[in-house]
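Q: Okay, handing you the structure first.
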Amino acid sequence: MQPNKSLSLDEIDLSDIDFWSLPPEEREGAFQTLREEDPIRFFQEMSLAELGLPQGPGYWALTRHADIQEASRTPEVFCSSKGATSIPDLPPQMNEFFGGMINLDDPRHGSQRRIISRGFTPRALGNLEAGVKSRAVAIIDKVIERGECEFVKDIAAPLPLEIICEMMGIPESQTEMVFNNTNTILGLGDPEFVVEGSNPIMAGMQAGSELAALMKEMAADRRANPKEDFTTALIHAVGDEEILTDEELASFFILLVVAGNETTRNAISHGMLALDADDSQRALWASDFEKHAPTAVEEIVRWASPVIFMRRTLTRDYELSGVQLREGDKAVLWYNSGNRDAAVFENPHEFEVTRTPNEHVGFGGPGPHFCLGANLARREIKVMFEQILTRLPDLRITAPPERLRSNFIHGIKRMPCEYTPGPKLG
Ligand code: HEM
């Protein structure tokens, strides 16, 4: 891909939702201009007048890899508890549902992360392992005889969603409800998910409350009938272990389905798109799948940058790379841009399955909020591409992808594909 620097520095407005509908080359070009000409640039916030909310004070856009890393590893200055997933401050009633640990600082963050880490130990992940493989086989079985399918819905989306539901012990009858509500929460800027003119905050709240209700029901059930699942582990204390309250459990679940679902799905879709665009990279990976899988998976996450940004707020005055930031200022860590920084990545706009080193910030920078699900995501991506490269080796994307209009999730909504039909395995 060749970045297109058609916008001058003054024409770049990251707060304009239309910026996020520009072709990828133009957006890449704009971020390259920011990195080169004004890597810590101040932007006005988007107007929220339509929602009856005051306009926020603006934010610093951190677009270089080194500055993103410094902010991530200095959480006592760049804090998360004023809101990490939204540039505007959310109305307090939304924090009820969206106030999981991603929006907390120590000591509360550390204590929640310790409890939740029980579900991500090598042993817990080992237990999910067999499920990841057999589910991936079944997903391909469902479409392999047809010779064509919709890549996102049929291939990329089901695996992460099913694994999270399996982890939490959610019955299969509820998977679709979970899927629809996460789409709404992450698609709040896209007219397909929130009809233009309707209130995205209300839509987000409604989706959040449906997920929270499901979790509260599950908690009540597991108290009466403890099972071998993660939900039970989070609400049942063994000895003097800490546990989550029902509200914390509901917020955590929303974080989990949102953080673990759409991210991995989009990594798989963007990875497929990149392999489709470059036969030599596809052939190279297919020539020795196991050997190249570790670097290829990291490169897919760098390339996709499924989470575009996280926000921090300054707890005190701080000088970052010569720019004076003030207490209370907002700083936005543009991971997509850090992942294309030529100071760190050779040929940053090339997709290279053998890229080493690859210190990308796709899972966040180094620090307390580094993605808790990174190893699970890596596993899911690897297993899915093993299926694709061995069972659908000539898969082709047959129309341009329909992209999500969002400044937060680098999403692909739909992408048709074709391949030579093959036999089911199951
Ligand atoms: C390719 C897939 C994924 C990407 C790109 C991704 C990206 C991220 C990023 C950038 C953060 C950092 C947040 C921050 O700095 O404030 C994060 C945090 C988190 N992720 Fe992921 N994620 C992925 C998959 C998953 C999966 C599969 C799960 C769980 C099943 C998960 C669970 C979490 C949780 C719980 C946090 C919050 C950690 C904390 O605040 O301490 N993620 N993720």
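Q: Could you run the Karplus curve 6.51 cos²θ - 1.76 cosθ + 1.60 with θ = phi - 60° over region 68-76 and give me ³J(HN,Hα) per residue in whole Hz, x for Gly and Pro?
A: My calculation for region 68-76 gives 5, 5, 5, 5, 5, 8, 10, x, 5 Hz in order.
Q: Another question, if that's okay. Quote the relative contact order of the chain in percent (integer), defining contacts as alpha-carbon pairs under 8 Å separated by 6+ residues.
A: Across the chain, relative contact order equals 24 percent.
Q: Taking H placed 1.01 Å from N in the peptide plane, check which residues at least 5 places from Lys413 or on another chain put their amide H under 5 Å from its amide H.
A: It is Glu402, Arg403, Leu404, by chain and number.
Q: Note the per residue figure in Å³ for the convex hull of the C-alpha positions in region 20-90.
A: Considering the Cα atoms of region 20-90, their hull volume per residue is 113 Å³.
Q: Let me ask another. Near Leu333, within a Cβ-to-Cβ distance under 11 Å, what is the net charge of the other residues, with Lys and Arg +1 and Asp and Glu -1?
A: Residues close to Leu333 contribute a combined charge of +2.
Q: Full-extension gain between Leu425 and Leu125, please, as 0.36 nm times their residue separation minus the C-alpha to C-alpha distance.
A: Between Leu425 and Leu125, full extension yields an extra 105.5 nm.
Q: Over the alpha-carbon set of the chain, divide Rg by the Kirkwood Rh and report the Rg/Rh ratio to two decimals.
A: Checking Rg against Rh, the ratio lands at 0.95.
Q: Here is a further query. Describe numerically, in nm with one decimal, the distance between label points set 7 Å from Cα along Cα→Cβ at Phe42 and at Asn180.
A: It works out to 4.6 nm between the two label points.
Q: Take every Cα pair under 8 Å in region 48-134 that's 6+ residues apart, average their separations, divide by the length, and report that relative contact order as a whole percent.
A: It comes to 18 percent, rounded to a whole number.
Q: For region 223-379, state the semi-axes of the equivalent ellipsoid (square roots of 5 times the eigenvalues of the alpha-carbon gyration tensor), sorted largest first and rounded to whole angstrom.
A: Largest first, region 223-379 gives 33, 26, 12 Å.
Q: Here's something else I'd like to know. Order 74-81, 396-403 from most to least packed using the mean count of other Cβ atoms within 10 Å.
A: Those peptides, ordered most packed to least, come out 74-81, 396-403.
Q: Show me 6-13, 255-262, 242-249, 332-339 ranked by packing, highest mean number of other Cβ atoms within 10 Å first.
A: 332-339, 255-262, 242-249, 6-13
Q: Which length gain, in nm to one decimal place, applies between Asp278 and Asn199 when the Cα-Cα distance is subtracted from 0.36 nm times their residue separation?
A: Contour length minus Cα-Cα distance gives 24.3 nm.
Q: Something else: Sorted by packing (mean other beta-carbon atoms within 10 Å per residue), highest first, where do 343-355, 315-327 land?
A: Going from most to least packed, we get 343-355, 315-327.
Q: Given the C-alpha centroids of region 36-86 and region 335-381, what is the distance between them in whole angstrom?
A: What the calculation gives is 20 Å, centre to centre.
Q: Expressed as a whole number of Å, what is the distance separating the alpha-carbon centroids of region 207-237 and region 243-294?
A: Each part reduced to its Cα centre gives a spacing of 26 Å.
Q: Compute the distance in nm between two label points, each set 7 Å from the Cα along the Cα-to-Cβ direction, one at Asp229 and one at Ala49.
A: Each label point lies 7 Å from its Cα, and together they span 4.8 nm.
Q: Restricting to Cα pairs below 8 Å that are 6+ residues apart, what does the relative contact order work out to for region 312-426? Please round to a whole percent.
A: 13 percent
Q: Between Ala237 and Thr390, how many nm apart are label points set 7 Å from Cα along the C-beta direction?
A: Using points 7 Å along Cα→Cβ, the separation is 4.7 nm.
Q: Let me ask another. Considering the zone a paramagnetic label at Met94 would reach in this model (a point 7 Å from Cα along the Cα-to-Cβ line), which residues of region 283-316 have amide N under 14 Å from it?
A: Within reach of a label on Met94, which here means backbone N under 14 Å from a point 7 Å along Cα→Cβ, region 283-316 contributes 311.
Q: With springs connecting C-alpha atoms under 10 Å apart, model the chain as a Gaussian network and identify which of Gln44, Gln32, Gln112 has the largest mean-square fluctuation.
A: Looking only at Gln44, Gln32, Gln112, the biggest GNM fluctuation is shown by Gln44.
Read-outs throughout are calculated quantities, based only on the coordinates presented, and are distinct from any laboratory measurement. In this text the structure is predicted, and so the values were computed from the model without any measurement. Cβ coordinates were reconstructed from backbone atoms using ideal geometry, including for glycine residues, and neighbour counts include every protein chain displayed.
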